[in-house]
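A short worksheet on the structure shown next.
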Amino acid sequence: MSKKIVTFGEIMLRLTTPDNLRIQQSRDFLVNYGGSEANVAISIANFGGDVEYITRLPDNALGETCIAELRSHNIGTKHILFGGHRLGTYYMEKAAAMRNSKVIYDRENSAFSELKPGMINWREVFEGASIFHWSGIDAALTPGLADVCKEAIEVAKEMRLTISYDINYRKNLWNYGKSAQEVLRPLMVNSDIMFGSEGEYALVTGIPAPGFKATRSGEKYDTEAYEKFCKEISRQIPNCKYIYIALRNVMSSEHHTFAGVLYANGEMKYSRVFDIDNVIDCVGVGDAFCGAMLYAQSAFEDNQKRVDFSTAASVLKNTIAGDYNMVKVAEVESLIARHESGEVAR
């Protein structure tokens, strides 16, 4: 895989309660670093891809640790900016049985959130790159960051990069007076590749989602309804060549089903249903799909292979603690082969 991929976003300090404790109960936190776009970059690098990460970090020990963390995963960091005073933080309370997970963000006035247009030399960043990946979280934090996304997309388009966009809607981040639809719609129309859950697509397009209700491995689902859904999305965003959708049904915190679809060239490809009955950590599952998707776009020509690989990689992330999908290509392909053969019953 020779195509260089540039990802843009915030890497944060993740503080997770141990042993499924609630935040109010915990006196200790497990420390890690993560963030949606960084998770994507690490997935790509784990598969052997060439990826450069763009962010802004405080010039202190926490910023230096983030750089070391990224470099330890073979992520390019030469264009990362230093400035500001804070590293964004989030507190994570893992789901258990019927109790949902809980996230408290503390990222106001972070070094990343203070980015403004003109601070990043996008032409220099994009030199030699083929794909630019960003997400809706970037534009959610501040009006200035939304303008930075617009600036990056315009330069990427001018330099003929493929633009990849993860809808990545987080309701509790949109606090500066504009709605996600108002900000994201003008930006997303330039996408060549899009990813999101069916609910996220419904939110930004206004098209009702079919609803994924599969409860077991290999179960049939309404692919005709998803093909119609994709066609309607494509009519709204006609320049987008690849529409990826992650489908997940959550029966409990430890038991999910998962599948994926890809609509391209007027044709839909879809994966089988995976049954995940021992979810270890579902944080970053969508990011794992994105990372695998971007790797697959460069590594494979066949759209069925692309969606199967992306889906299986995302399924494996459910078995790994932390933000990152620490799997290799051979592990993903092994799961696909075992599932197709019927060896994986659940």
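If the limit is 20 Å between Cα atoms, which of Lys150/Lys269; Lys3/Lys328; Lys3/Lys305 go over it?
On the way: Lys150/Lys269 31 Å; Lys3/Lys328 18 Å; Lys3/Lys305 18 Å.
Lys150/Lys269, as the Cα separations exceed 20 Å there.
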Check your understanding: What is the distance, in nm, between label points placed 7 Å from the Cα along the Cα-to-Cβ direction at Asp277 and at Lys231?
Key -> 3.7
Exercise for review: Per residue, how big is the convex hull around the C-alpha atoms of segment 150-297? Give it to me in cubic angstrom, could you?
Suggested key: 122
Exercise for review: Excluding residues on the same chain fewer than 8 positions from Lys4, give the aspartates and glutamates whose Cα lies under 12 Å from its Cα.
Suggested key: Asp50, Glu52, Glu127
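For Asn265 and Asn100, compute 0.36 nm times the residue count separating them, minus their Cα-Cα distance, and round to one decimal in nm.
Values: separation 165, 0.36 × 165 = 59.40 nm, distance 3.80 nm.
Contour length minus Cα-Cα distance gives 55.6 nm.
Which FRET efficiency, nearest 0.05, do Arg160 and Glu64 yield, Cβ-Cβ r, R0 41 Å?
On the way: r = 35 Å, r/R0 = 0.85.
Efficiency computed from Cβ-Cβ geometry: 0.70.
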Check your understanding: So what does log10 I(q)/I(0) come out to for segment 1-110 at q = 0.13, 0.23, 0.24 Å⁻¹, using the Debye formula with one equal point on every Cα and no solvent?
Key -> -0.54, -1.18, -1.23
Check your understanding: Using θ = phi - 60° and the Karplus form 6.51 cos²θ - 1.76 cosθ + 1.60, what ³J(HN,Hα) does each residue of segment 19-25 get, whole Hz, x for Gly and Pro?
Key -> 6, 6, 5, 7, 4, 5, 8
Review point. Using the beta-carbon distance between Asp147 and Thr215 and R0 = 51 Å, what value does 1/(1 + (r/R0)^6) give for FRET efficiency, to the nearest 0.05?
Key: 0.70
Review point. Most fluctuating residue of Ala292, Ala246, Ala264 in a GNM of the chain with Cα springs under 10 Å: which is it?
Key: Ala264
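Keeping all protein chains in place, calculate the accessible area per residue for the chain (probe 1.4 angstrom), answer in Å².
On the way: 14460 Å² over 346 residues.
Dividing the accessible area of the chain by its residue count gives 42 Å².
Let me know the whole percent of all Cα-Cα pairs from the chain that are separated by more than 35 Å. Present the calculation step by step, with values, prior to reporting the outcome.
Values: 9910 of 59685 pairs.
Of all Cα-Cα pairs in the chain, 17 percent lie more than 35 Å apart.
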Review point. Over segment 12-76, one equal point on each Cα, no solvent: what is log10 I(q)/I(0) by the Debye formula at q = 0.16, 0.18, 0.24, 0.25 Å⁻¹?
Key: -0.62, -0.73, -0.98, -1.02
**Study point:** Rounded percent of accessible protein surface that carbon and sulfur make up, the chain, 1.4 Å probe
**Key:** 47
Point to revise | Label point distance in nm, Asn172-Ser252, each placed 7 Å from Cα along Cα→Cβ | key: 2.5
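Kindly identify segment 128-215 as rounded, prolate or oblate by the Cα gyration tensor criterion: order the square roots of the eigenvalues as a ≥ b ≥ c, call it rounded if a/c is under 1.5, otherwise compare a/b with b/c, prolate if a/b is larger, else oblate.
Numbers: a/c = 2.31, a/b = 1.32, b/c = 1.74.
Cα axes put segment 128-215 in the oblate bin.
Once every DSSP H run of n ≥ 4 in the chain is given -39500 (n - 2.57) and the sum is divided by its residues, what mean residue ellipticity at 222 nm do you get, rounded to the nearest 500 deg cm²/dmol? Please report the intermediate quantities before stating the final value.
Details: 11 runs with 123 residues, N = 346.
Calculated from helices alone, the mean residue ellipticity at 222 nm is -11000 deg cm²/dmol.
The values are calculated or read from the model by the stated rules, or taken from the named source; none is laboratory data. The structure presented is a predicted model; accordingly, all values stated were derived computationally and were not measured. Methodologically, a virtual Cβ is constructed for each residue, glycine included, from the backbone with ideal geometry; neighbour enumeration extends over all protein chains shown. What goes into the accessible areas is simple: the full protein's heavy atoms, side chains included, and nothing from ligands, DNA or RNA. Shrake-Rupley method; radii C 1.70, N 1.55, O 1.52, S 1.80 Å.
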